[in-house]
1. Using the number of other C-beta atoms within 10 angstrom as an exposure proxy, rank Met169, Met180 with the fewest first.
2. Extension gain Thr26-Thr63, at 0.36 nm per residue separation less the Cα-Cα distance, in nm?
3. Starting from the Kirkwood radius over alpha-carbon pairs of the chain, derive D by Stokes-Einstein at 10 °C in a medium of 1.306 mPa s and give it in µm² s⁻¹.
4. Each label point is 7 Å from the Cα along the Cα-to-Cβ direction; what then is the distance between the points at Asp49 and Ala88, in nm?
5. As a test of the formula, what do you get for the chain when each DSSP H run with n ≥ 4 contributes -39,500 (n - 2.57) and the sum is divided by the residue count, at 222 nm and rounded to the nearest 500 deg cm²/dmol?
6. Classify segment 1-62 from the C-alpha gyration tensor, please: rounded if a/c falls under 1.5, else prolate or oblate depending on whether a/b exceeds b/c.
7. Counting other C-beta atoms within 10 Å, and keeping those with at most 16, which DSSP coil chymotrypsin sites (Phe, Trp or Tyr not before Pro) do you find in segment 91-134?
8. Calculate, for Asp147 and Arg13, the FRET efficiency according to 1/(1 + (r/R0)^6) with r their C-beta to C-beta distance and R0 30 Å; round to the nearest 0.05.
Amino acid sequence: MNQVMRPTIRSVRADEWRAAKELRLTALRDPVAPIAFVETYERAVAEPDSFWRERTEGAAGGTRVRQFVAEDADGTWSGTVTVLVEEAGADDAFGGTVQRRQAHLVGVYVRPECRGAGVIDALIEAAVAWSWSVADVARARLYAHQDNARAERAYRRCGFRPSGETVPMQGDPAKVEREMILERLQAY
């Protein structure tokens, strides 16, 4: 009987910008990329290496942004998620105002051949754990496009629930992104 080995989940390192770039460009070529990501492949592939170096360096440490990767035993990255810490009163990515300090999970991606093996669960678990402990927030959120049932199912499995808030999708205001949230339970 073959056992699937769960990948190691870790923070990206600043010098891994080439691997971060490759995984992001792969994600942006996925068939659901137009409803899963705000960024396009065409825009991302045109960015200079300096962009990818700075982006990866910024997500490698600190308490404001953190990118996590799922690394298989052979060193291949099978997935990723990035956490952005949003401060109350700041502008959010959709043109609104952040109501409370929270973590915002973005750029969630798992390679197709690795889906169904628990990679997304492990990535989100690590991102949320970091949010609660290092970033010290009590609420995490993410968005799922109304037509991305696969993503919404995965997020629900990880404990996220629809908040009831929606935002129009960029480029197609007839479609919406649904906010999903996870609240940290307070110990008494």
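1. Working: Met169 19, Met180 22.
By the 10 Å Cβ count, ascending, the order reads Met169, Met180.
2. Extra length available between Thr26 and Thr63 comes to 10.6 nm.
3. Numbers: Rh = 17.1 Å.
The calculation lands on 93 µm²/s.
4. Using points 7 Å along Cα→Cβ, the separation is 4.5 nm.
5. Numbers: 6 runs with 55 residues, N = 188.
The per-residue figure over the chain is -8500 deg cm²/dmol.
6. Numbers: a/c = 2.40, a/b = 1.20, b/c = 1.99.
Taking the square roots of the gyration eigenvalues as a ≥ b ≥ c, segment 1-62 is oblate.
7. Working: sites: Phe94, Tyr109, Trp130, Trp132; in loops: Phe94.
Sparse-neighbourhood loop chymotrypsin sites (Phe, Trp or Tyr not before Pro): Phe94.
8. Working: r = 35 Å, r/R0 = 1.16.
Computed FRET efficiency for Asp147 and Arg13: 0.30.
All of the numbers you see were taken from the coordinates with simple rules; none came from a lab. Just so it is clear, the model here is predicted, and its values are computed rather than measured. Using ideal geometry, Cβ is built from the backbone for each residue, glycine included, and neighbour counts are taken over all protein chains shown.
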